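Take a look at the structure below.
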Amino acid sequence: MAKYLLISGSPRKGNTDFVLSRIFESIEGEKELIFLRDKNIGHCIGCLSCHTKPQCAINDDMTEIRQKMLSADMIIIGTPNYFDNVSGLLKDFIDRTHPFYKAALLKDKKLILIMVGGGKAEGSKEFLDVVMSGFVKYLGLDLMGSYCFQALYSNDLRQNPESNKQVEEIIKTIKIASLKEGREDLNLP
């Protein structure tokens, strides 16, 4: 069975968590949903120790999260749009994945990106693709898709039937990607 790691970079329980929770409930296999707001993740200190060995000099919750990333077949990351960028929580997370870079430990691992912002979804998508391009490129990830939603208040997506259609599209993309990997244990709608 496929192994999925879902990561929320939202500091509040709102729209990003709603999308990730819907996906989490709909996919089959081994899965975990991590809320970065509940974790102790320090800032990268730029010590460059991870340039010589694939581990970080800081011992906090990122140590365990990196291990979970290594064992996952697919990583699904969600973030709110803050000033046309990812949240600070997610930026710290991204910086702390640097130990994977030199060793290419995540090369070709499947990735789905999700962003929720108050502006138009098209604008968020433009920025999401640019902001996350280095993360995808330098870690050698296989980006399966990036999806954006327009929502400002914490329950906007829950009350929007169109958002449910888009969440279903993401779930279908995940299931198809898993089938392509020979995971025929999934039931497509």
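Readers should treat all values here as calculations from the given coordinates under stated rules, not as data from a laboratory. Here the structure is a predicted model, which means the values were calculated and not measured. Here Cβ is always computed from backbone atoms with ideal geometry, including for glycine, and neighbour counts include all displayed protein chains.
For Ala103 and Asp142, a Förster radius of 22 Å and the Cβ-Cβ distance give a FRET efficiency of 0.80, rounded to the nearest 0.05.
Overall size of the chain from C-alpha positions, given as principal axis extents largest first: 49, 40, 27 Å. When you restrict to C-alpha pairs under 8 Å that are six or more residues apart and normalise by the size of the chain, the relative contact order lands at 24 percent.
Distance between the 7 Å Cα→Cβ label points at Ile176 and Asn155: 3.4 nm.
Evaluate the relative contact order of region 1-83 (contact order divided by residue number), counting alpha-carbon pairs under 8 angstrom at least 6 apart; express in whole percent. Walk me through the intermediate numbers first.
Details: 109 pairs, mean separation 38.5, N = 83.
Normalised by residue count, the contact order of region 1-83 is 46 percent.
If you plug the beta carbon distance of Thr63 and Glu162 into 1/(1 + (r/R0)^6) with R0 = 41 Å, you get a FRET efficiency near 0.55. Put a plus charge on the Cβ of each Lys and Arg, a minus charge on the Cβ of each Asp and Glu, and nothing anywhere else: the dipole of the chain about its Cα centre is then about 300 debye. When GluC sites (Glu not before Pro) are flagged only if DSSP places them in a loop and at most 16 other Cβ atoms lie within 10 Å, the longest unflagged stretch of the chain comes out as 29-180.
Estimated from helical segments only, the mean residue ellipticity of the chain at 222 nm is -11500 deg cm²/dmol, where each DSSP H run of four or more residues counts as -39500 (n - 2.57). Straight-distance candidates among the lysines for linking to Lys102, with alpha-carbon spacing under 22 Å and chain neighbours fewer than 8 residues away dropped: Lys53, Lys68, Lys91, Lys110, Lys137.
Between Glu28 and Leu48, how high is the FRET efficiency from 1/(1 + (r/R0)^6) when r is the Cβ-Cβ distance and R₀ = 35 Å? Nearest 0.05.
Values: r = 41 Å, r/R0 = 1.17.
It comes out at approximately 0.30.
When the chymotrypsin sites (Phe, Trp or Tyr not before Pro) in region 100-189 are filtered for DSSP coil states and for at most 11 other beta-carbon atoms within 10 Å of their beta-carbon, the remaining sites are Tyr153.
Other residues with beta-carbon under 15 Å from the beta-carbon of Lys102 carry, at +1 per Lys or Arg and -1 per Asp or Glu, a net charge of +4.
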